[in-house]
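First comes the structure, then the notes that go with it.
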Amino acid sequence: LCAATFAHAQPAWPAKPITWIVPFAAGGPTDAMARDIADKVGRQVGQSIVIENAAGAGGTIGAAKAAKSAPDGYTFLVGHMGYMGAAPSLYKKLAYDPVKDFDAVFRFPDTPLVLLVPKSSPYKTAAELIAAAKANPRKINFGNAGVGSTSHLIAALFESRAGIEVTSISYKGAAPAMNDLVGGQVEAMFDQSNTALPQVTGGRLNAIALTSLQPMPQQYPNVAPLADKTLPGFEAATWYGLYAPKGAPKDVVQKLHQAYLKALADKTWTARMAAQGIHMLPEAQYAPDAFAKHTAAEVEKWRKVATDAKIQID
Ligand code: MLT
């Protein structure tokens, strides 16, 4: 009886603001996607969702912090392909296990990437950049959001496929890397198509290739996929999603997933995401179980990809 009374005394979730840890600098793609989704999901659950930027080491610092947080339904991690998929294959010592230390809550839509260069760059196509890199090994600088970030991983896959070597310059997120790209301190970078778009339409950067198999005529007219002639079959997109520290209340996970699905029913919102080049997924793939399976499969996939492409922490 005592326990039952006690259980009833618990305030209904969510009784206070919820925190989502974003392990990169504010203003980058992970942050932008997280803030947009947090706003919509927060409205559905009737609580504010606060974004906490805990940047560094390709997202692994923030992920480690989230793994150690109390699984009380108030702290979550916005995770992505890098630190929740590839990191176990890249880092000799990782302070968390993406599968064992987290419960998957829901998956976000995916985003393809674009290869960007400064406005004044001599490279007008990926083929030109590859030719220059072949002639001058390790001379071209690529900015990225940290070791094991997607901008780093995709650049490494690109190097491996193109048979080139570039010099990698790591930042605490795509936003600071992008600032240096605009300023010409770095010569190229892969970034998510959605956050790169305003830089390209605003005339600050040139997009010279896409990582999607299909062209993106609405967002990036006249920009060819890498797979089109330059690197046949090359395809990459970043996956993201929300995770709870292991052992979070199951009903909270379900409530958040349901709130997300309700938010996605707003077609104006999903059309706006699609217009930015964000790739909406079939609804079943957003579910906690499907996302947990996806995470485990990606950790396995990256073991092979990282070995084949010789992606290592320097
Ligand atoms: C990445 O390259 O992994 C992300 O774009 C990092 C970020 O969101 O800043």
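Bear in mind these aren't lab numbers, they're just calculated from the coordinates by the rules spelled out. Owing to the predicted nature of the structure, the values given are computational and were not obtained by experimental measurement. Reconstructed Cβ throughout: ideal geometry from the backbone, glycine too, with neighbour counts over all protein chains shown.
Considering the Cα trace of the stretch 167-260, what is its radius of gyration and what is Dmax, both in angstroms?
Final numbers for Rg and Dmax: 17.7, 49 Å.
For the peptides 120-131, 152-163, what is the packing order when you average, over each peptide's residues, the other Cβ atoms within 10 Å and list the highest mean first?
By packing density, highest mean first, the sequence is 152-163, 120-131.
Based on the Kirkwood radius over alpha-carbon pairs, what value in µm²/s does the Stokes-Einstein equation return for the translational diffusion coefficient of the stretch 200-314 at 10 °C and 1.306 mPa s?
So the translational diffusion coefficient is about 92 µm²/s.
Can you compute the FRET efficiency between A274 and E235 using 1/(1 + (r/R0)^6), with r the Cβ-Cβ distance and R0 = 22 Å? Round to the nearest 0.05.
0.75
Quick one: what are the phi-derived ³J(HN,Hα) couplings along the stretch 56-72, Karplus 6.51/-1.76/1.60 with θ = phi - 60°, whole Hz, x for glycine and proline?
Working through the residues one at a time gives x, 6, x, x, 6, 5, x, 5, 5, 5, 5, 4, 8, 6, 5, x, 9 Hz.
Give the residue from F102, A64, P118 lying farthest towards the positive end of the charge dipole for the stretch 34-180; charges sit on Cβ (+1 for Lys and Arg, -1 for Asp and Glu) and the dipole is referred to the Cα centre.
P118
Determine the dipole magnitude for the chain: charges of +1 sit on the beta-carbon of Lys and Arg, -1 on that of Asp and Glu, nothing else is charged, the reference point is the Cα centre, and the result goes in debye to the nearest 20.
140
For helix 288-308, report the angle its Cα long axis makes with the longest principal axis of the Cα atoms of the chain; keep it between 0 and 90° and round to the nearest 10°.
Taking the Cα atoms of the chain, the angle to 288-308 is about 30 degrees.
Straight distance only, please: which aspartates and glutamates reach the Cα of K68 with their own Cα at less than 20 Å, same-chain residues fewer than 8 apart left out?
Straight-line reach from K68, under 20 Å: E52, D97, D101, D103.
Among 290-299, 267-276, how do they line up from the highest to the lowest mean number of other beta-carbon atoms within 10 Å?
Answer by packing, highest mean first, reads 290-299, 267-276.
Go through the stretch 211-220 residue by residue and turn each phi into a ³J(HN,Hα) via Karplus (6.51, -1.76, 1.60, θ = phi - 60°); whole Hz please, and just put x for glycine and proline.
Once θ is set to phi - 60°, the couplings for the stretch 211-220 become 9, 7, 5, 8, x, 10, x, 6, 8, 10 Hz.
Straight-line reach from K267: which aspartates and glutamates fall under 19 Å, measuring Cα to Cα and dropping same-chain residues less than 8 apart?
In chain and number order, the partners are D36, D39, D110, E283.
Relative to the Cα centre, what is the charge dipole magnitude of the stretch 213-314, using +1 at the beta carbon of each Lys and Arg, -1 at the beta carbon of each Asp and Glu, and rounding to the nearest 20 debye? Don't skip to the end; give the middle numbers.
Numbers: 12 positive and 10 negative charges, 38 e Å.
Roughly 180 debye, rounded to the nearest 20.
Once you keep just the Cα pairs under 8 angstrom separated by 6 or more residues, what percentage relative contact order results for the chain?
Taking the mean separation of contacting Cα pairs over the length of the chain, I get 27 percent.
Determine which lysines satisfy two conditions relative to K124: a Cα distance under 24 Å, and not lying fewer than 8 residues away in the same chain.
Of all the lysines, those that pass the test against K124 - Cα under 24 Å, at least 8 places apart if same chain - are K134, K139, K229.
Report the gain in length on full extension from V99 to A70: 0.36 nm times residue separation, minus Cα-Cα distance, nm rounded to one decimal. Please list the in-between numbers first.
Working: separation 29, 0.36 × 29 = 10.44 nm, distance 1.68 nm.
8.8 nm is the gain from fully extending V99 to A70.
Å³ per residue of the Cα convex hull, for the stretch 141-185?
60
Just to compare against my own numbers: the Cα pair-distance distribution for the chain, 20 Å bins, whole % per bin, please.
Percent of pairs per bin, in order: 34, 55, 10, 1.
May I ask which of K119/K301; K40/K172; K40/K250 have a Cα-Cα span longer than 29 Å here?
K119/K301
Once every DSSP H run of n ≥ 4 in the chain is given -39500 (n - 2.57) and the sum is divided by its residues, what mean residue ellipticity at 222 nm do you get, rounded to the nearest 500 deg cm²/dmol? It would help to have the intermediate numbers written out before the result.
Values: 11 runs with 124 residues, N = 314.
So the calculated ellipticity at 222 nm is -12000 deg cm²/dmol.
Put a dot 7 Å past each Cα toward the Cβ at T167 and A296; how far apart are the dots in nm?
4.4
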